[in-house]
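Just below is one structure, and these are the notes that go with it.
The values are calculated or read from the model by the stated rules, or taken from the named source; none is laboratory data. Keep in mind the model is a prediction, meaning the values are calculated, not measured. Neighbour counts are summed over all protein chains in view; Cβ atoms, including those assigned to glycine, are modelled from backbone coordinates with ideal geometry.
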């Protein structure tokens, strides 16, 4: 029986494996953990933290950990640059229950699609030559824009006011009203550093298609970003002048993607009573 007892004793002396524990995703620095079903919003900053268990020490009671934290969207595209750091500290026998803490901010880009996202954490114990990793899921409630292989316009909608939450089911206006039109541009090409060069020029047409007015200058978006923008939100407004003849009218938007050498025209009809 002695070999069995020795084996059991040796097993008790084996060190616990390196492990990432107690992950917390919060909406404030040091805040409580949010439930897994919580939906984060585009443009917000999350606060992430976790602990490291099962680390080993040197003969002089020192620890040395290297770690990284990176967030990904539902397609596996990184939201921000990889965050890397190291932890070096002295851990005395009195601190045997202490666990090193990893913490960082995770910003969500403003123009992201809804879906299941994740935070990937990797830790390496440079003393024990051991590694551990953990994936923490989170949900994002974004604006849905269907993808396209070519330049196009999605989600055309009319409003009475710029800040209105719900679009008009029936876009009917009267003299003096402000007409607000919003739509999303997608299917454009990217340059280096996810550069985009998109513009749109809006015109007002009568019901027969005759051009009555055109913007003097196109609205353009020329930006670079670490995370590739899935779409460009566009907005156009005009105030109906007194004595405008009742009837149907058309807003035509000429959209251009300079980097992809693409163009597209979108049209939307509204009525003046």
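Check whether at least one residue in segment 194-206 is in a loop (DSSP other than H, G, I, E, B), touching a strand residue (DSSP E or B) at 6+ places or on another chain (Cβ under 8 Å) and buried (at least 19 other Cβ atoms within 10 Å of the Cβ), and report yes or no. Taking every residue of segment 194-206 in turn, none turns out to be in a loop (DSSP other than H, G, I, E, B), touching a strand residue (DSSP E or B) at 6+ places or on another chain (Cβ under 8 Å) and buried (at least 19 other Cβ atoms within 10 Å of the Cβ). When 265, 221 are checked against the criterion of being assigned to a strand (DSSP E or B), surrounded by 14 or more Cβ atoms within 10 Å (Cβ to Cβ) and modelled with pLDDT of 95 or more, 221 stands alone in meeting it.
On inspection, residue 96 does not qualify as outside the structural domain of residue 257 (by TED's automatic domain parsing), in contact with a strand residue (DSSP E or B) (Cβ under 7 Å, 6 or more places away or on another chain) and farther than 28 Å from residue 263 by Cβ.
If you go through segment 30-43 one residue at a time, do you hit one that is within 17 Å of residue 134 (Cα to Cα), at pLDDT 95 or above and assigned to a strand (DSSP E or B)? Within segment 30-43, not a single residue is within 17 Å of residue 134 (Cα to Cα), at pLDDT 95 or above and assigned to a strand (DSSP E or B).
Among residues of segment 44-58 being over 17 Å from the mean Cα position of the chain (by Cα) and assigned to a strand (DSSP E or B), the one that is nearest to residue 143 (Cα to Cα) is 49.
Screening segment 128-155 for residues that are outside any strand (DSSP E or B) and surrounded by 14 or more Cβ atoms within 10 Å (Cβ to Cβ) and picking the one that is nearest to the chain's Cα centre (by Cα) gives 142. If you go through segment 75-101 and keep only what is touching a residue at least 60 places away in the same chain (Cβ under 8 Å) and either surrounded by 15 or more Cβ atoms within 10 Å (Cβ to Cβ) or not in a strand (DSSP E or B) (or both), you end up with 77, 79, 80, 81, 99.
Applying the condition of being more than 18 Å from residue 156 (Cα to Cα) and surrounded by 14 or more Cβ atoms within 10 Å (Cβ to Cβ) to segment 240-251 and asking which residue is modelled with the lowest pLDDT yields 244.
If I filter segment 227-239 for residues that are part of a loop (DSSP other than H, G, I, E, B) and surrounded by fewer than 12 Cβ atoms within 10 Å (Cβ to Cβ), do I get at least one hit? Scanning segment 227-239 turns up no residue that is part of a loop (DSSP other than H, G, I, E, B) and surrounded by fewer than 12 Cβ atoms within 10 Å (Cβ to Cβ).
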